[in-house]
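Each remark here refers to the structure printed beneath this line.
What follows draws every value from the coordinates through simple rules; no lab data is involved. Since this is a predicted model, take the numbers as computed values, not measurements. A quick note on method: Cβ atoms are made from the backbone with ideal geometry, for glycine too, and the neighbour counts reach across all protein chains shown.
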Amino acid sequence: MKFGDVVTAVASLVVIMVLLMAPLYLVFAQTLGIYWGGTVTGVVSTFLSALVVGYIFAGKILEARRETIAKITVLSAALVMVSVVNLVAALPDFGPNLKEMYREMYPEAVNWSLSEWLAAETMMIYLEMILNAVTVLVFGFIGLYAGSMLRKPKKS
């Protein structure tokens with residue numbers, strides 16, 4: 001699979017994922033709550049969008065299945081990591097929310113300096129990036145592999 005095809009597959013995966021996230025979040029947030037609803041929405045939308053993209057690009061994935069799927073998932077994970085950093089930077093309540101959460105869990109964190117809070121926020125961003133990247137790598141790989149297996153190759 002050429003690099004242009006990999007980019008097209010990743011773009012398709014992201015578009016399908018975003019289109020799935022809104023209705024799935026409405027369903028899961030009502031039943032599981034805001035935190036777990038968002039988490040389950042991310043996992044399910046990643047898997048379903050990878051399944052669809054695997055089915056659509058099955059013919060091109062078939063050439064070198066594992067290598068091609070790995071390229072798609074790694075590029076997708078990198079894109080998700082960049083989007084997490086941009087999203088967190090745009091959230092005005094990220095810092096205050098983190099402080100509130102830490103103060104509830106660790107009362108001794110009340111007197112932290114600004115540099116200690118900055119380090120905690122940075123580590124939380126890294127953690128969020130890693131968790132999202134691992135989710136995309138695992139569920140994206142499984143979905144792409146399963147989707148490519150669903151479409152049978154044309155007999156020549």
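Say R0 is 35 Å: what FRET efficiency, to the nearest 0.05, do Y126 and S12 get from their beta-carbon distance?
0.80
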(request) Could you sort 36-48, 15-27 so that the peptide with the highest average Cβ count within 10 Å comes first and the rest follow in order? (result) 36-48, 15-27
(request) Net charge near M123: determine it from the other residues with C-beta under 14 Å of the C-beta of M123, scoring Lys and Arg +1 and Asp and Glu -1. (result) -2
(request) Arrange the peptides 135-142, 6-13, 84-91 so that the one whose residues have, on average, the most other Cβ atoms within 10 Å appears first. (result) 135-142, 6-13, 84-91
(message) Can you tell me which of A119, A70, A29 moves the most in a GNM of the chain? Springs connect C-alpha atoms under 10 Å apart.
(response) A119
(request) Please give the net charge around K71, taking every other residue with its beta carbon less than 15 angstrom from that of K71, where Lys and Arg add +1 and Asp and Glu add -1. (result) +1
(request) Rounded to the nearest 10 degrees, what's the angle between the helix 34-56 long axis and the longest principal axis of the chain, both from Cα atoms, 0 to 90? (result) 20 degrees
(request) Please work out how much length the chain gains when fully extended from W117 to A22, using 0.36 nm per residue of separation minus the C-alpha to C-alpha distance, in nm with one decimal. (result) 31.0 nm
(message) Under 20 Å between alpha carbons, and skipping anything fewer than 8 positions from K71 in its own chain: which aspartates and glutamates qualify?
(response) D5, E63
(request) Identify all lysines with a Cα-Cα distance to K152 below 17 Å; exclude those on the same chain that are fewer than 8 residues away in sequence. (result) K60
(request) Match the structure shown to one of the listed values (i) 8.2; (ii) 16.5; (iii) 10.9 of mean projected area of the Cα convex hull in nm², computed from it, and give that label. (result) (iii)
(message) Taking the 0 to 90 degree range and rounding to the nearest ten, how far is the long axis of helix 94-105 tilted relative to the main principal axis of the chain, both from C-alpha atoms?
(response) 70 degrees
(message) What does the charge count around Y102 come to, taking other residues whose C-beta lies under 12 Å from its C-beta (Lys +1, Arg +1, Asp -1, Glu -1)?
(response) -3
(request) Report the extension gain between L150 and A64 in nm, rounded to one decimal, defined as 0.36 nm multiplied by the number of residues separating them, less their alpha carbon distance. (result) 29.3 nm
